[in-house]
Amino acid sequence: MDINIVQAILIGLWTAFCFSGMLLGLYTNRCIVLSLGVGIILGDIPTALAAGAISELAYMGFGVGAGGTVPPNPIGPGIFGTLMAITTAASKDKITPEAALALSTPIAVGIQFLQTATYTAFSGSPEVAKKALQQGNLNGFKRAANSTIWAFAAVGFLLGITGALSMDTLTKIFALIPPVLLNGLTLAGRMLPAIGFAMILSVMAKKELIPYIILGYVLAVYFGLPVLTPTANEDGLLTAVTTSSVLGVPTIGVALIATIFALIDVFRKPTNAVVESKPEGEAQDDWI
């Protein structure tokens, strides 16, 4: 599939909106959101959602950023990975969403370095905005306060249009990858969501939450949660993504079960905070 200049510009604008939207408090810089926009622009929403869904599963954990680590940027799989999957969907050397996730991970790491550099370049904007406000320069305050947002929009636009216009060259390079290595990348991509969940559990899991973790595993494995199943036509083009389940348990049913346990946990907690009282004589002055 070839991407024309209009589609490349639209992808650049979509990337700019999603990348700068996170500074506005919008939940746009996520794999599933980025990939959906690419799928709408290129007219292949099923492939885009398949690539975005598996990337989102992995990047839910990568986005935790435990300690001082900086997680990879979702633009990697959300834009570049989705472009890989869509542009090669009809070719004999097509890249599966799992392989696209693995191939786009180094790009995501590089984009994160670019994001950190942008933050560093505009780290003085708050101070400039403060001085402009103290001087009564409202226009200068607006420019300084919004400079980081516009910078992220410009970086996002360049990333999106570069990825779209370079996809033809990247596709030719990917065609040189041996099938054995491509299968290995596909397996690695299938493992990344499990790694993402493991990272979430390593940060959030507490002994009080272990029963709920086991419950989720039982519901997913033994009760047969719906599984995404891609459907392709004779040319190998992904046409639809259906769901299948062993016992027909719908996702909304599992969500309701989770809501029940969440409400039980909320209602068990005391409404009033317990204030500890110290006996007289134990109080110490702050300066000691």
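Quick notes
- Cα-based shape type of the range 1-159, given that a ≥ b ≥ c are square roots of the gyration tensor eigenvalues and the cut on a/c is 1.5: prolate
- Surface accessible to a 1.4 Å probe, residue 142 within the full protein complex, Å²: 110
- Accessible carbon and sulfur surface of the range 6-48 relative to its total accessible area, %, 1.4 Å: 78
- Computed in the context of the full set of protein chains, the accessible area of the range 64-173 at 1.4 Å probe radius has 66% of its extent on carbon or sulfur.
- Nearest-10 value in Å² for the accessible area of residue 133, using the 1.4 Å probe: 100
- Using the 1.4 Å probe convention, the accessible area of the range 36-170 works out to 44 Å² per residue with neighbouring protein chains retained.
The values are calculated or read from the model by the stated rules, or taken from the named source; none is laboratory data. What you see is a predicted model, and the numbers here were worked out from it, not measured in a lab. Please note that ligands, DNA and RNA were not included when accessible areas were found on the heavy atoms of the full protein model with its side chains. Shrake-Rupley method; radii C 1.70, N 1.55, O 1.52, S 1.80 Å.
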